[in-house]
Amino acid sequence: MTSDSALPQYEHYIDGRPTPPADGGYFPTDNPWDGKTWAMVARGNAKDVDLAVMAAHRAFEVGPWSTMTPSERGRLMWKAADLIASKAERLALIEQRDNGKLITEVVAQVRYMADYLKYYAGLADKIQSAVIPTDKKGVFAYTRYEAKGVIAIITPWNSPLTLTSWKLAPALAAGCTVVVKPSEFTSASMVELAAIFTEAGFPPGVINVVTGFGPEVGQPLVEHRKVEHIGFTGGSVAGKRIYELAASHFKTVTLELGGKSPNIVFDDADLDQAVKGVVSGIFAATGQSCQAGSRLLLQRSIHDVFIEKLLAFMKDVRLGDPSDPQTQIGPVATRPQFEKILSYIEIAKAEGAECVLGGRSRPDLGAGQFIEPTIFVKVRNEMRIAQEEVFGPVLAVIPFDDEEDAIRIGNDVAYGLAGAVWTRDLKRAMLMTDRLKAGTLWVNNYRATSFTSPFGGYKESGIGRESGIDAIKEYLHTKCVWMSSDLEVPNPFIRR
Ligand code: NAD
């Protein structure tokens, strides 16, 4: 499709400027609230990818980015962070127009993105290597951490800028350059973001964006010979494909994939607080969150009373226009995702689960891409509704007897991204957090994340960690240098 000139048009962003697509194609991007196309986006292909990767490669090899000191890089990142914070409302409006998330949450997310950048800006000049005390005489050995080079960043539609910043901030602090491929459903905010970095003084080629579809842009990006590492957030199917492609080219990856996280409530918990934690776990962001607490494990003795409290809490929840600050649950972000959630509701019913809340779409709201918050009881953990990621406002409730039972059920899924335990008993909390296999565990809270704290998955939820000090190492190679202080090279036929 060529561009509809009446609509705003987003080009790729390559080498410090907007760049039209090599083949001249554009695709529409829609607002999930009113269903209307609001902009046209460049449809990239391997030619655009090559242009962007080579620009990133030049910026990495030639400078001025690569010749800056880490402190200079950090100062520039700080400047970009301030600019982003000053434009948070505008960026949030653009992102929200694409994914239908609550404006209140997206504004907060974009502001937090600035904090993310500042954390890593501060870290840029604090990555210290080591002098190695070796067992060999007459040598001085030390390590150097060196930026890997060009990083591919591939992101989903649920929190595009946030999930980009989780990769972009440590990659820049490490001294890398990047090519970002945002989701085809939410491209616009990333193109706008790249221009803000240029405005802040970032040299051309450090941050590039190629928009388009997974097989047309994502795949050639992963396979490009000058890309060293892939930072990916998305679903398991694309994650597996990217892992295979990366392996065949010996590239490193960080993969942040899906989840089926258990939110576990014991009978000694403060049940009213736990209700809020359960709601935040599954109904915030319309359930479109990788860390969603989509399995509610309830101790049998409190099962009925807890469900009553949960239903009472959900009675007055407001669905509607996500740009209205009073709205609590917005539309589903994409049409395929909407269809997928509805199909899982049917699967759950067919499996024998009992729907005690919701279970229907809401054609009367906006363009009708709404699904009521849905709760299924009488779920067994082997059912598909308990095993597979729905990525929507659908909660599967499973009863359990004691700690061992909760641990067994909690761990009995392919995923291991997150989970929570609600209890007043410290020993119980420690037992559960020791034994649950997940990258993040919350006790008496849900959904907290921070730039200071490692995030990532066990099992099929992913590989590697984002956020926190160690995340920067994903973007660095370790080199060991051996300097001889001996005047004579020892016997060349015997290994030292
Ligand atoms: P998706 O996997 O369909 O797409 C993610 C990105 O990968 C998109 O940019 C897409 O274009 C690209 N892509 C698709 N196929 C590709 C290929 N063959 N090669 C290269 N790139 C390709 O995911 P989505 O539907 O956009 O997002 C939802 C998924 O993301 C859910 O499964 C969710 O759990 C996951 N997610 C995980 C986290 C986390 O941190 N663990 C956070 C948010 C979302």
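The values are calculated or read from the model by the stated rules, or taken from the named source; none is laboratory data. Bear in mind the structure is a predicted one, so any value in this text is a computation, not a measurement. Here Cβ is always computed from backbone atoms with ideal geometry, including for glycine, and neighbour counts include all displayed protein chains. Protein only, heavy atoms only, side chains kept; ligands, DNA and RNA dropped before computing areas. Shrake-Rupley method; radii C 1.70, N 1.55, O 1.52, S 1.80 Å.
Criterion first (within 12 Å of the ligand (Cβ to nearest atom) and over 30 Å from G35 (Cα atoms)) does A285 satisfy it?
no
If you scan segment 101-119, which residues turn out to be under 17 Å from N31 (Cβ atoms), assigned to a helix (DSSP H, G or I) and charged (D, E, K, R)?
E105
Do the conditions hold for V421, that is, is it touching a residue at least 24 places away in the same chain (Cβ under 8 Å), open to solvent by less than 30 Å² (accessible area, probe 1.4 Å), assigned by TED's automatic domain parsing to the domain that holds F338 and within 16 Å of the ligand (Cβ to nearest atom)?
no
Restrict the check to segment 63-73 and report whether at least one residue is on the phi < 0 side of the Ramachandran plot, modelled with pLDDT under 95 and among the small types (G, A, S).
Taking every residue of segment 63-73 in turn, at least one turns out to be on the phi < 0 side of the Ramachandran plot, modelled with pLDDT under 95 and among the small types (G, A, S).
For segment 125-138, name all the residues that are touching a Ser or Thr at 6+ places or on another chain (Cβ under 7 Å) and either modelled with pLDDT of 95 or more or surrounded by 15 or more Cβ atoms within 10 Å (Cβ to Cβ) (or both). Let's see the steps before the verdict.
Looking only at segment 125-138, we keep the residues that are touching a Ser or Thr at 6+ places or on another chain (Cβ under 7 Å), and these are 125, 129-130, 132, 138.
Listed by number, the residues that qualify are D125, S129, A130, I132.
Hey, among the residues in segment 160-174 that are more than 25 Å from A46 (Cα to Cα) and either in contact (Cβ under 8 Å) with a residue 60 or more places away in the chain or away from the ligand (no atom under 11 Å from the Cβ) (or both), which one's surrounded by the most Cβ atoms within 10 Å (Cβ to Cβ)?
P170
State which residue pairs qualify: first residue more than 9 Å from E184 (Cβ to Cβ) and inside segment 209-221, second residue within 6 Å of the ligand (Cβ to nearest atom) and open to solvent by less than 30 Å² (accessible area, probe 1.4 Å) in any location, beta carbons under 6 Å apart, and separation of 6 or more residues or different chains.
Listed pairs, sorted by first residue: V210/K181; G218/I154; G218/K181; L221/K181.
Where residues in segment 1-21 are in a loop (DSSP other than H, G, I, E, B) and open to solvent by less than 60 Å² (accessible area, probe 1.4 Å), which of them is nearest to A333 (Cα to Cα)?
Of everything passing the filter in segment 1-21, L7 is nearest to A333 (Cα to Cα).
Could you list, ordered by first residue, the pairs with Cβ atoms under 6 Å in which the first is in segment 11-28 and among the polar types (S, T, N, Q) and the second is in a strand (DSSP E or B), at least 6 apart or interchain?
T19/H12
Before we move on, is L51 surrounded by 14 or more Cβ atoms within 10 Å (Cβ to Cβ), among the hydrophobic types (A, V, I, L, M, F, W, C) and part of a loop (DSSP other than H, G, I, E, B)?
Judged against the criteria, L51 is not a match.
Criterion first (touching a Ser or Thr at 6+ places or on another chain (Cβ under 9 Å), buried (at least 17 other Cβ atoms within 10 Å of the Cβ) and either outside any helix (DSSP H, G or I) or among the charged types (D, E, K, R) (or both)) does D98 satisfy it?
yes
Can you name the condition, by its number, that R428 falls short on among (1) in a loop (DSSP other than H, G, I, E, B); (2) more than 16 Å from the ligand (Cβ to nearest atom); (3) of a type in the set (K, R)?
(1)
Could we say that V394 is within 16 Å of the ligand (Cβ to nearest atom), over 18 Å from the mean Cα position of the chain (by Cα), of a type in the set (V, I, T) and at pLDDT 95 or above here?
In short, yes.
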